[in-house]
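One structure below.
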Amino acid sequence: MNGDLLHILQFVISAVLMAGGIFFVIAGAVGVLRLPDFYTRMHAAGMTDTLGAEMILLGLIVQAGLSQTSLKLALIAFLLFLTSPTATHAVIGAAHHAGLKPKLGKYRALAPGEEPLAKSKAKAQAKSKVKSARKSRAKKRVK
């Protein structure tokens, strides 16, 4: 009975780690597709790919138990932990050296207290509609 509980706990921990890793890998893929320029895409890919792969490998290590397979997986995780951020940094450095500029303009960080551009445009349009409605009502009253 006690052994069954340990196997269930091992399975649950492994499943949670692998599900978390899959979540981060999918989030990185969505970031690569949705973000506006090369640098932000590489940031999303590099950060989430490393964390997602490490969590998946850690889940596989827990699932394998203490064996030669888990040691091999740990070695792979260690090498991935070293090489993935290094490769991302090298690719971004090469892009910067080649003169690739980040997109700026409407894709900039907001100042503290500043509203997004879409909201401020919508407020300005609403104010202009209110002003024009007031003017038309005033004209009707004068007539």
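The values are calculated or read from the model by the stated rules, or taken from the named source; none is laboratory data. The structure displayed is predicted, hence computed values, not measured ones. Please note: Cβ atoms are built from the backbone with ideal geometry, for glycine as well, and neighbour counts cover all protein chains shown.
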Exercise. What do you reckon, is residue 59 surrounded by 15 or more Cβ atoms within 10 Å (Cβ to Cβ), at pLDDT 95 or above and outside any loop (DSSP other than H, G, I, E, B)?
Worked result: yes
Exercise. Can you tell which of 53, 44, 64 is of a type outside the set (Phe, Trp, Tyr) and over 28 Å from residue 7 (Cα atoms)?
Worked result: 44
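Could you say which residue among 28, 59, 46 is assigned by TED's automatic domain parsing to the domain that holds residue 100, over 17 Å from residue 87 (Cβ atoms) and not hydrophobic (A, V, I, L, M, F, W, C)? Outline the logic, then answer.
Numbers: 28 fails: over 17 Å from residue 87 (Cβ atoms); 46 fails: over 17 Å from residue 87 (Cβ atoms).
Exactly one residue qualifies, and that residue is 59.
Yes/no matrix, rows are residues, columns are (1) touching a residue at least 24 places away in the same chain (Cβ under 8 Å); (2) not hydroxyl-bearing (Ser, Thr, Tyr):
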residue: 12; (1), (2): no, yes
residue: 20; (1), (2): yes, yes
residue: 55; (1), (2): yes, yes
residue: 61; (1), (2): no, yes
residue: 72; (1), (2): no, yes
residue: 80; (1), (2): yes, yes
residue: 88; (1), (2): yes, no
residue: 92; (1), (2): yes, yes
residue: 100; (1), (2): yes, yes
For this session: Considering every residue within the stretch 23-42, establish whether at least one is part of a helix (DSSP H, G or I), loosely packed, with under 14 Cβ neighbours inside 10 Å, charged (D, E, K, R) and modelled with pLDDT of 90 or more.
Result: no
